[in-house]
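Undergrad: One structure follows; several queries about it will come next.
The values are calculated or read from the model by the stated rules, or taken from the named source; none is laboratory data. Because the structure is predicted, anything quoted here is derived from the model rather than measured. Here the Cβ positions follow ideal geometry from the backbone for every residue, glycine too, while neighbour counts run over all protein chains shown. The protein model used for the area step is the full one, side chains on, heavy atoms only, and it has no ligands, DNA or RNA in it. Shrake-Rupley method; radii C 1.70, N 1.55, O 1.52, S 1.80 Å.
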Amino acid sequence: MGRTGRDPIIRALKAIRWYVGSVMGDNHYQRYVEHRRATHPGEPVMTEREYWKARHDGATVQARCC
């Protein structure tokens, strides 16, 4: 099988990996950081440790504020 034959398989595997990561919460902190920097430039961003602690302590931490 040539490279072009593997491309759809590789794309499908990457999509599955992304989906599972999203469901499991692997990218929640990254989405939070991206949102904060885009909508609140110059304001502090929680560290990853602070983010997960606040999230598990029951504080309201959302990927989006607006």
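Undergrad: If the Cβ limit is 8 Å and pairs must be 6+ apart or interchain, which residue in the range 38-49 that is assigned to a loop (DSSP other than H, G, I, E, B) pairs with which residue that is open to solvent by 90 Å² or more (accessible area, probe 1.4 Å)?
TA: Val45/Arg37
Residue-by-condition table, conditions (1) in contact with an Asp or Glu (Cβ under 7 Å, 6 or more places away or on another chain); (2) open to solvent by less than 50 Å² (accessible area, probe 1.4 Å); (3) at pLDDT 95 or above; (4) closer than 20 Å to His56 by Cα:
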| position | (1), (2), (3), (4) |
| --- | --- |
| Lys14 | no, no, no, no |
| Val23 | no, no, no, yes |
| Asp26 | no, no, no, yes |
| Tyr29 | yes, yes, no, yes |
| Ala38 | no, no, yes, no |
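Undergrad: Checking Val61 against (1) at pLDDT below 95; (2) assigned to a helix (DSSP H, G or I), which test does it fail?
TA: Only one criterion in (1) at pLDDT below 95; (2) assigned to a helix (DSSP H, G or I) is unmet by Val61, namely (2).
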